[in-house]
Amino acid sequence: MSSTMLIRTGWKLRAIIKDVKKVAGKDLGAENIFECFKCGLPMEPGKVTVSYLGSSFPVELLKCRQCGLVLITEELALGKMLEVEKTLEDK
Amino acid sequence: MDHKQWREYEERCTQERPPACTAACPVHVDVRSFTAEMKAGNFNRALDIFRKTVPFAGIIGRICDHPCQAACRRGEAGDPVSIAALEKACVEMTSAPPAKITLPPKKDRRVAVAGGGLSGLAAAFDLAGKGYPVVLFEATDRLGGGLWEMPAEVLPRQIILTETAVLEQMGVEIRYQATVGQVISLPELCSEYDAVYLGTGENFKPVPGPEIDQAGRCRLDPVTLATGLNGVFAGGGLRTGPDYSPINSLSDGRRAAISIDRFLQKVSLTAVRENEGPYQTRLFTSTKGVEPLPAVAPGNPAQGYTREEAVLEAGRCLACQCLECVKVCEYLAHFKSYPKKYARDINQNLKIVMGVHGANNLINSCSLCGLCREVCPENFDMAELCRVARAEMFKKGKMPPSAHDFPLRDMAFSNGEQCALTRHQSGHASSSHLFFPGCQLSASAPGHVERAYAYLTGRFAGGVGLMLRCCGAPAEWSGRTGLFAAELQEIRKQWREMGGPRLILACSTCYRMFKSHLPEIEIVSLWEIYDQLGLPEAAGTQKPGLVAIQDACTTRHEKQIHQSVRSILQKLGFKIEELPASRETTECCGYGGLMLFANRKLADDVINRRIRESAAGYVAYCAMCRDNFSARGKKTYHLLDLIYGLADFALPPQKGPGYSQRRENRARLKNKLLKEIWRDQVVQHESAFENIKLIMPAAVSGVMEERLILKEDVQKVIEYAERTGNKIINRNNGHIMACHRPVSVTYWVEYTPQADGFVVHNAYSHRMEVEGNN
Ligand code: SF4
Ligand code: SF4
Ligand SMILES: [Zn+2]
């Protein structure tokens, strides 16, 4: 099957991941309301690797700078993240 | 299946076959598209369609002897469509100039055409169109032959002249007053030209020439129209004799042109020529329920149709197609095409190594119910295709994990220590029978399992054992071939250990699985037993009324089950309404094939369609049918509800238990039976998470149900978060957000501790792994 198909999958993924970043960015702006319970530190934007079915991508998400705990909001999990999952499942 | 088998399967679907009219037409006019344009008032576009297969359309349109009409399926509901009259109206009322003919580069091999009648004209037209230099020998001083014998009111002379003038524009050299046999002999023609077409009409006396039969007709190869002479082909009146048929003459000329082209290119004359000339189509078209309509009569018969009349008459065309299966199956309709195309898409999907697997959803959404096969005149079975495809996808690691994960975990739970049980009847060392209620009845109505088991032990003296577990259907439906085989093997092993008793099945799906995959086990449905051994005394207050029966799709071929169910209802005093689709053509409830998990939206449509088929309350003998229908607001009773007099018809539809409750019901059933029947010590080893007390608003339970999140998933998250301190606080509202990944899914819970429990505000999940959270 064609390499164009592959490229198209790649494109679609990249586009969605850009969106993931945007949504994550919105969370980031959520005026510092989240705090890591263990470390007592505010959750801050940071690089995180997410992966599924053998593909990995770096994204910016809210994270505890000390213990590394990451917040995935409902909006992200059921929106763009789900979309990426579906795209990868059909790859 | 290999590629060839897929192709053969595709071919079974008749939907892409032409309608009867087109197949009967010797040149295969696309009548269905033609009438569609006529109906829409687009006469110009209709003419374009007509001209695509008909040269000299202005002539043929006025005089065609229309063998298509005798084949027209509209004839089964009123008169056949007046196709010829429509074509006449079209060519008379349209003045669009024919599309410009672009000729390919001239070839060097030359063709002689003898005779300027319709067949010769058509042969010359097609051969010139392919670039061959053509010389046409005409005995008289004008083209058209027999056309000139038509009444001028039918075929105005000017039309013959203008329509045939196209040949000169195409560079055909016409020699008038040139009778073959007089000005030039056949042998001379053969030596001067590379190929010859004889279209000289029935009066041709060739000396010496092709063989002539007793009727005076030229003896021809029926497929290629070749005469006995090398490179000489013939047709038209020479072939048909005195029964002059303009459209058959035209067709002969065109077919001979194909032969001549192949002859000159030195390729096979006979390969792939099956459907030239008239033939019978395989397209199935039902005219059931079509309101009969007579043909529109022209106000002035001599004039033919007016524009308005033609539009009306074209509107009677049925636009023949099959789609029998698509009409009855929401799934097939949902993907907006038909099985032939689906088979192509699935085959394609399986072949792709890298790239988008666009048909995954199509493959996983089928309920595997087999209704298509029942209604298809060619027994096309989408279920079989999807089953094969799923197994192959899984084998190749291409099965989307999200599609079947949940029901497979549910199956593992049913067959795990907490729920599975196999025992001889208490006080018996052997079993003549073994009751297998199935995991869904145990989940939906564990009380019924107890009741039925008590009934069975009371009726059979030889000991009735009990086996609580899942038959493995989710493994089969999800393409997990190996897992399914293992589940069957376990059942087989336990059944042997029980001494090979006869199995009594309460679930239709189990019945189907056992029948197809464990043929060594003798099975009988619980319904046959109730029917044969008599109904139990029931103390209920239920008043029988009218019910409609939802036959289970997995037992569509089990007539004895359909019969027993009806007989039981009659004995109970119910009046039965048969749904239009019942017994072998019954419809699935949306659970079959795991459609409910792979495509929820579609399953909802399937259910909504089914529950609207009658106003009567439904009675089902499958727990999933019952639960799915009542969950969408349809009063639906399980047959056991009625047998035990437990249905209250005054109540609104009773929703079945949710996913968490279903699991709990199965586990509790095992414990309860162990305690009460076998007097066993039940060791309850509680895991830490089970002590987490949840306070759950109804709205949250609903959301969790929809998102396939179990109570225990939430308990596990909270237990984990509270134990490890891995949680996040929302400073605005004090809620805690925490996640945990006990399986290949990460569950998130938003909660607040309250007294000795936890208020759950929300729960969601994702499958992606997030570094730092695992
Ligand atoms: S019933 Fe369906 S599968 Fe069968 S021929 Fe018709 S369209 Fe094709
Ligand atoms: S109803 Fe229409 S499509 Fe069907 S056979 Fe008649 S003309 Fe053809
Ligand atoms: Zn931390």
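The values are calculated or read from the model by the stated rules, or taken from the named source; none is laboratory data. In this text the structure is predicted, and so the values were computed from the model without any measurement. Please note: Cβ atoms are built from the backbone with ideal geometry, for glycine as well, and neighbour counts cover all protein chains shown. To get the accessible areas, we keep the full protein, side chains included, count just its heavy atoms, and leave off ligands, DNA and RNA. Shrake-Rupley method; radii C 1.70, N 1.55, O 1.52, S 1.80 Å.
Values as computed for the structure displayed
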read-out: Accessible area of the protein assembly as shown divided out per residue, in Å², using a probe of 1.4 angstrom; value: 43 Å²
read-out: Delta accessible area of at least 50 Å² on complex formation, residues of the range B:335-370, 1.4 Å probe, chain isolated as reference; value: B:354, B:355, B:356
read-out: Accessible heavy-atom area order of A:90, B:261, highest first, probe of 1.4 Å; value: A:90, B:261
read-out: Peptide A:52-58 - average C-beta neighbours from other chains (10 Å radius); value: 3
read-out: 32 Å Cα-Cα threshold exceeded, pairs from B:4/B:559; A:80/B:398; B:396/B:711; value: B:4/B:559; B:396/B:711
read-out: Shielded by partner chains, the range A:66-91 residues - at least 30 Å² of accessible area, 1.4 Å probe, vs chain alone; value: A:69, A:70, A:71, A:72, A:74, A:77, A:78, A:81, A:85, A:89, A:90, A:91
read-out: Label-point separation, residue B:191 to residue B:459 (7 Å along Cα→Cβ), nm; value: 9.6 nm
read-out: Dipole of the protein assembly as shown [Lys/Arg +1, Asp/Glu -1 at C-beta], most positive-end residue of B:640, B:89, B:305; value: B:640
read-out: FRET efficiency, residue B:109 to residue B:176 (Cβ-Cβ, R0 25 Å, nearest 0.05); value: 0.55
read-out: Stretchable slack from residue B:557 to residue B:693, in nm (0.36 nm times residue separation minus alpha-carbon distance); value: 44.2 nm
read-out: Simple label model, 7 Å out from Cα along Cβ direction - residue B:412 to residue B:337, nm; value: 3.5 nm
read-out: Averaged over B:280-291, number of beta-carbon atoms from partner chains that fall within 10 Å; value: 0
read-out: Percent antiparallel among DSSP beta bridges (both partners in chain B, rounded to 5); value: 35 percent
read-out: With every protein chain in place, the protein assembly as shown: carbon and sulfur % of accessible area (1.4 Å); value: 52 percent
read-out: Whether the range B:688-766 is rounded, prolate or oblate, judged on the alpha carbon gyration tensor where a/c under 1.5 counts as rounded; value: rounded
read-out: Highest-first arrangement of B:91-100, A:50-59, B:587-596, B:765-774, where packing means the average Cβ count within 10 Å; value: B:587-596, B:765-774, A:50-59, B:91-100
read-out: Cleavage-rule hits, GluC sites (Glu not before Pro), the range B:689-746, DSSP coil, Cβ neighbours within 10 Å at most 11; value: none
read-out: Of the DSSP H helices in chain B, those whose Cα atoms cover at least 27 Å axially and whose Kyte score averages -0.5 or more; value: B:246-265
read-out: Nearest-20 debye value, the range B:452-554 charge dipole, Cβ charges on Lys, Arg, Asp, Glu; value: 140 debye
read-out: Approximate spin-label separation residue B:774-residue B:493, in nm, with each point projected 7 Å along Cα-to-Cβ; value: 3.2 nm
read-out: The protein assembly as shown: radius of gyration over Cα atoms, expressed as a fraction of 2.2 N^0.38 Å; value: 1.29
read-out: Dipole of the range B:324-399, positive direction: furthest Cα of B:349, B:367, B:331, with charges on the beta-carbon; value: B:349
read-out: For chain B: span of alpha carbons on each principal axis (Å, largest first); value: 114, 64, 52
read-out: Shape category assigned to the range B:1-85 from the gyration tensor of Cα positions, a/c cut at 1.5; value: prolate
read-out: At least 10 Å² accessible surface lost relative to isolated chain, residues of the range B:749-774 (1.4 Å probe); value: B:762, B:764, B:765, B:766, B:767, B:768, B:769, B:770, B:771, B:772, B:773
read-out: Candidate residues B:761, B:433: accessible-area rank, largest first, probe 1.4 Å; value: B:761, B:433
read-out: Value of D in µm² per second that Stokes-Einstein yields for the range B:99-176, Kirkwood Rh from Cα pairs, at 25 °C (0.890 mPa s); value: 190 µm²/s
read-out: DSSP beta bridge pairing in the range B:111-265, given as percent antiparallel to the nearest 5; value: 10 percent
read-out: Cross-link reach list, lysines versus residue B:106, counting only Cα pairs under 24 Å and skipping chain neighbours closer than eight places; value: B:52, B:130, B:266
read-out: Solvent-accessible ranking of B:711, A:38, largest area first, probe 1.4 Å; value: A:38, B:711
read-out: 10 Å Cβ neighbours from other chains, averaged over peptide A:43-51; value: 3
read-out: Separation between Cα centres of the range B:332-390 and the range B:538-599, rounded to whole Å; value: 27 Å
read-out: Accessible surface buried upon B-A contact (total; probe 1.4 Å; Å², nearest 100); value: 3400 Å²
read-out: At R0 = 30 Å, FRET efficiency that the Cβ-Cβ distance of residue B:577 and residue B:293 yields, to 0.05; value: 0.40
read-out: Between the range B:1-74 and the range B:661-701, the alpha-carbon center distance in angstrom; value: 66 Å
read-out: Sparse-neighbour loop sites [chymotrypsin sites (Phe, Trp or Tyr not before Pro); the range B:225-288; at most 16 other C-beta within 10 Å; DSSP]; value: B:279
read-out: Separation between Cα centres of the range B:725-767 and the range A:58-91, rounded to whole Å; value: 16 Å
